[in-house]
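All remarks here apply to the structure that follows.
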Amino acid sequence: MSGNTNEETIVNGFDLGIDDFVKKPAQLSELTVRVRRLIGTPINAKKKRVSSNSKISKACVGIVIPCYNEESRLLSKEFTDFIESNLGYHLCFVNDGSTDKTLEVLKQLTLGREDYISVFHCKKNKGKGEAVRQGILHLVKDSQLDYLGYLDADLSTDFKDFEDLVKTIDGSNYKIVSGSRIARMGADIHKESAREIISLTINLIIRKILGMNFKDTQCGAKIMHRDIVEEVFAEKFITRWLFDVEIFKRIRNMYGKEQAKRMICEQPLNRWVHEEGSKLSMKDSFAIIGQLFQISSHYRQAY
């Protein structure tokens, strides 16, 4: 089974003695039928129901989901439904020192799904940036994963949009594909009006710092190629909430402005909804402006 659809490769495979060739993405039901045709069904085998919606993805993808006191907001069924119908994905929940029952909920989520869902536990709360960094560095140890990314636990960006980000990076030379919550015709994007005004102000400062015209660096949905992960995430971020800006700044400093533009793609989302209970308050939003100047100073001196 392979994502390589080159006709010569497939023909050579049969010449070498393979019994079958399955192109990815493939439905799990198709794979089951093909294997059964080749080896038969054991006499005493118990039939396991296979969802016709289950598919094996062309690429193997690891998704980090940072969690801090998410006991009441973890939409367990949405996570389990996705992982059971999309083989080739691995969800890594990072418990960032939660003080509620988040860890218990996550452990329950993994039962019977250990190959597809894992939990990385941090005893102390160190902020979203460090939680994502630890999760990414944990997942990159799995050589089977082609791409690694992260997604918010409240699923304000849903899996359908995330899959679209994966399709874009898998069919291009981009190293990072970042979701964008810019309101546009046909998209379901909802923000609080006051939060939107603050966001526009912050984004203006971010564009000045990066020297690149990104419209939304802070979206919590990103996917990246594994070959840049260890370099980009090697060092701790200096801020708790603005690590996305630091990622882009590190890419620019490492590869140069023009190359960075070619490496990063900003892709508009079809849906994004601000969920109640967000950890980032309006007061935090104003503190962010000071942290942005801290980033500007740090990365100017560090590189």
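Less than 5 angstrom separates the built amide H of Gln267 from those of Ser178, Gly179, Ser180, all sequence-distant by 5 or more or on a different chain.
Specify whether the C-alpha gyration tensor of segment 53-302 places it in the rounded, prolate or oblate class, a ≥ b ≥ c being the square roots of the eigenvalues: rounded for a/c under 1.5, otherwise prolate if a/b is larger than b/c and oblate if not. The shape class here is rounded. Residues whose amide H lies under 5 Å from that of Cys92, counting only those 5 or more places away or on a different chain, are Ile63, Val64, Ile65, Ser118; hydrogens are built 1.01 Å from N in the peptide plane. Each label was represented as a point 7 Å from its Cα along the Cα-to-Cβ direction; for Gln294 and Ile182 these points are 2.9 nm apart. In this simple spin-label approximation, Lys23 and Asp100 carry label points 7 Å from Cα along the Cα→Cβ vector, and these lie 4.7 nm apart. Lysine pairs in segment 61-151 whose alpha-carbon atoms fall under 23 angstrom of each other, counting only those eight or more residues apart or on distinct chains, come to 15.
Throughout, read-outs are computed from the coordinates displayed, never taken from laboratory work. Note that the structure is a prediction, hence the values are computed from the model and not measured. All Cβ positions, even for glycine, are placed from backbone atoms using ideal geometry, and neighbour counts span all protein chains on display.
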